[in-house]
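Encoded as structure tokens, the structure appears first; notes follow it.
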Amino acid sequence: MIEHADIDTELLPILDQVSDPEIPVLTILDMGVVRYAKLVDDEVKIKLTPTYSGCPAMDVISDDVKAAFEKAGYKVSIDLVLSPAWTTDWISEEGRDALEKYGIAPPLEADADKDALLGNKRIVKCTNCGSQNTKLVSQFGSTACKALFQCEDCQEPFDYFKCLK
Amino acid sequence: MKDNLYKYILGIADNSLILGQRMGELCGHGPSLETDIACANISLDLFGQVRSYYQYASKIAGDGRTEDDIAMLRKEREYVNVLLVEQPNIDFAYIMARQFLFDVYHFMFLTELQKSKDLTLAAIASKSIKEVSYHQRFSSDWIKRLGDGTDESHQKMQNAIDDLWTYTEELFHQTEADKEMVKQEIGVDVKKLKENYYKKVNDVLEEATLNIPESKYFQKGGKQGIHTEHLGYLLSDLQYMQRTYPNMEW
């Protein structure tokens, strides 16, 4: 199910309860930040990978994962791993759909992303009306992972999830 | 070896800590909402990277000091950041010029650090470089926008570049710890980055219609803990809570 991770199937339902505090429609499995989750002896060992180094959501996610497993009666230990570094490619298809419905345009491919963030091409789709007639307002948005866009047709301002590769 | 590695990590991390603090000062004070948020974002990235470095340094030191102790409880002379990053936020042109002059170096440095034989440093570099590529894009854009903008914005950007130029060469100085780490293929040989650095910087300045400063006089000292007068003020801000309420936790 998840190519870049090694997760015991029986632990999936518990992990699936934990979502990103900044983007509540996205579970941590959809985000691809869970790299490893296994029951070893009587302890659940988890490895999480941060999205952006300074993302304050990471500490909250760690705490939430711990709480979810303790509630389910498990002992749990959590490690943060940096390598290989997280990439937006690890966001699942379900995650991308959830982002778009929530009003955040999902990340484009790396080359397209560069064009979009340099304002060379109008390719980021408005999450409100679907128009591609959108403009970059700022390369940095409300959180480290997002850029700010505005639709020139419906005028809606919206976030774009930056490609990180 | 351990001592040199510890010093080497601080040499990288302190730059990001101090620049992160400078950019953080703009939170709520940026010239526009978008630039304000951008500067705070850059600050956040730098602080995040710094945490990884200090956590590692704390492990290497092995004397019970935590990442917070290392960040917050050293004296001015014990910080080994380059002078460039501690220069004050005079105006937005200075802020972007300082960022740009550091970003170009930072990106090249991390590119090489990814190949380090020290796997932790290589991992932090691989993580950080993705973020720094955004910083570099942002600051380069502003160099061009202000340099190639109005007469006033051009003049302000030229002044900033002229004033900060004197701090650029220190980026390529090597301490004893640096040299030792290069020998062990853990550290980056920054001397080799110098030519490319000035080439890249000059390309952007030219595109921004700015003059490349000709001054051959360069300041140094930060890497040895000898700082400009600005660092003391910055640290008194940064360390205020820990000094006033020792051991407090958030």
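The values are calculated or read from the model by the stated rules, or taken from the named source; none is laboratory data. Being a predicted model, the structure only gives us computed values, none of them experimental. Because the Cβ atoms are built from the backbone with ideal geometry, glycine has one as well, and the counts that use them run over all protein chains shown.
The table for this structure:
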{"quantity": "Number of the exception - B:Tyr6 against (1) surrounded by fewer than 22 Cβ atoms within 10 Å (Cβ to Cβ); (2) more than 10 Å from chain A (Cβ to nearest Cβ); (3) assigned to a helix (DSSP H, G or I); (4) in contact with a Cys (Cβ under 8 Å, 6 or more places away or on another chain)", "calculated": "(4)"}
{"quantity": "Those residues of the range B:163-196 which are assigned to a helix (DSSP H, G or I) and farther than 16 Å from B:Lys220 by Cα, in sequence order", "calculated": "B:Ala177, B:Lys179, B:Glu180, B:Met181, B:Val182, B:Lys183, B:Lys192, B:Leu193, B:Glu195, B:Asn196"}
{"quantity": "Elements of type helices (runs of 4 or more DSSP H) in the range A:1-89, at least 1 residues being farther than 29 Å from B:Asp118 by Cα and touching a Leu at 6+ places or on another chain (Cβ under 6 Å)", "calculated": "A:12-15, A:28-31"}
{"quantity": "One residue from A:Asp79, A:Asp153 being touching a residue at least 24 places away in the same chain (Cβ under 8 Å) and over 20 Å from the mean Cα position of the chain (by Cα)", "calculated": "A:Asp153"}
{"quantity": "Among (1) within 14 Å of chain A (Cβ to nearest Cβ); (2) modelled with pLDDT of 95 or more - the single one B:Arg137 does not satisfy", "calculated": "(2)"}
{"quantity": "Per-region count, the range A:16-27, residues over 14 Å from A:Leu99 (Cβ atoms) and either free of Cβ contacts under 8 Å to residues at least 40 places away in the same chain or of a type in the set (Gly, Ala, Ser) (or both)", "calculated": "1"}
{"quantity": "The lone exception for A:Asp153 - which of (1) over 21 Å from A:Thr87 (Cβ atoms); (2) within 14 Å of chain B (Cβ to nearest Cβ) it fails", "calculated": "(2)"}
{"quantity": "Test: residue in the range A:124-138 that is within 18 Å of A:Tyr52 (Cβ to Cβ), in a loop (DSSP other than H, G, I, E, B) and within 12 Å of chain B (Cβ to nearest Cβ)", "calculated": "no"}
{"quantity": "Hits in the range B:49-68 - residues which are within 13 Å of another protein chain (Cβ to nearest Cβ) and free of Cβ contacts under 8 Å to residues at least 60 places away in the same chain", "calculated": "B:Val50, B:Arg51, B:Tyr54, B:Gln55, B:Glu67"}
{"quantity": "Helices (runs of 4 or more DSSP H) fully within the range B:34-117 counting 3 or more residues that are over 17 Å from B:Thr168 (Cβ atoms) and modelled with pLDDT under 95", "calculated": "B:67-72"}
{"quantity": "Out of A:Lys75, A:Lys114, A:Lys66, A:Lys101, sole residue that is surrounded by 14 or more Cβ atoms within 10 Å (Cβ to Cβ) and either away from every other protein chain (no Cβ under 14 Å) or at pLDDT 95 or above (or both)", "calculated": "A:Lys66"}
{"quantity": "Residue list for the range A:117-141, restricted to those being of a type in the set (Gly, Ala, Ser), exposed (fewer than 14 other Cβ atoms within 10 Å of the Cβ) and closer than 25 Å to B:Asp36 by Cβ", "calculated": "A:Gly119"}
{"quantity": "Residues of the range B:147-169 classified as under 19 Å from B:Val104 (Cβ atoms) and surrounded by fewer than 17 Cβ atoms within 10 Å (Cβ to Cβ), total", "calculated": "3"}
{"quantity": "Meets criteria (in a helix (DSSP H, G or I), in contact with a Phe, Trp or Tyr (Cβ under 9 Å, 6 or more places away or on another chain), within 27 Å of B:Thr168 (Cβ to Cβ) and away from chain A (no Cβ under 14 Å)) for B:Leu121", "calculated": "no"}
